[in-house]
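Below is one structure; the comments refer to it alone.
The values are calculated or read from the model by the stated rules, or taken from the named source; none is laboratory data. Predicted model only: the values in this text are computed from it and were never measured. Here the Cβ positions follow ideal geometry from the backbone for every residue, glycine too, while neighbour counts run over all protein chains shown.
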Amino acid sequence: MGFPHNLLAEDERVVLHMHPHWKELIGPVLWFVVLGAIGAIGFFALPQSWGSWVDIGRIVVAAIAVLLILWLAVLPWVTWATTHYVFTTHRLLMRTGVITRKGRDIPYARVNDVSFEQTVVERMFRFGTLMVQSASEQGAVIFKDMPKVEMVQSTLYKLVEEDRNRRIGADDAGI
């Protein structure tokens, strides 16, 4: 599911559109491979000499494998694919979910501080935690597993400054 561009204002454009880091997909891929192999072995390993119980056993093995694959592999992938971190020229947007959607928008005028944290492993794989402190009741927004977190932090800082300059210019023009 792509990001809905109808959420943008006329003079607003997307600068960065990101998903959480790809490391979020390692577990689901491993579960898919392991459960697929176990399911295939369980399905084909049941001896034919057991008669009609084999058919029921194969159906049960296949059903359990499919349910586990859906829960442990497909659902996390869908969650990853439907989590959007979008930085526009005017605001920061976060959207998550398929059935139950959650979103948060922070206009750059409300951003007070942008910082990040990275462990040694996170630095090796180029991701980290981005913290955006805003002047709102909700306070900070924390983006875990943000890819290229240092680049995102500096880009966000530039966007906040450009927004501030744009608003000052609009105020000076009497708009």
Residues that are more than 29 Å from residue 76 (Cα to Cα), at least 3 per element: which strands (runs of 3 or more DSSP E) completely within the range 98-175 meet that?
111-117
Residue 171 fails exactly one of (1) crowded, with 18+ Cβ neighbours inside 10 Å; (2) modelled with pLDDT under 90, namely (1)
With surrounded by 18 or more Cβ atoms within 10 Å (Cβ to Cβ), touching a residue at least 60 places away in the same chain (Cβ under 8 Å) and at positive phi as the only criterion, which of 145, 163 stands out?
145
All positions within the range 139-162 that are at pLDDT below 90 and more than 19 Å from residue 84 (Cα to Cα):
139
Can you name every residue in the range 61-106 that is surrounded by fewer than 14 Cβ atoms within 10 Å (Cβ to Cβ) and either under 19 Å from residue 134 (Cα atoms) or aromatic (Phe, Trp, Tyr) (or both)?
71, 102, 103
Please indicate, with yes or no, whether at least one residue in the range 130-150 is in contact with a Phe, Trp or Tyr (Cβ under 6 Å, 6 or more places away or on another chain) and over 15 Å from residue 20 (Cβ atoms).
no
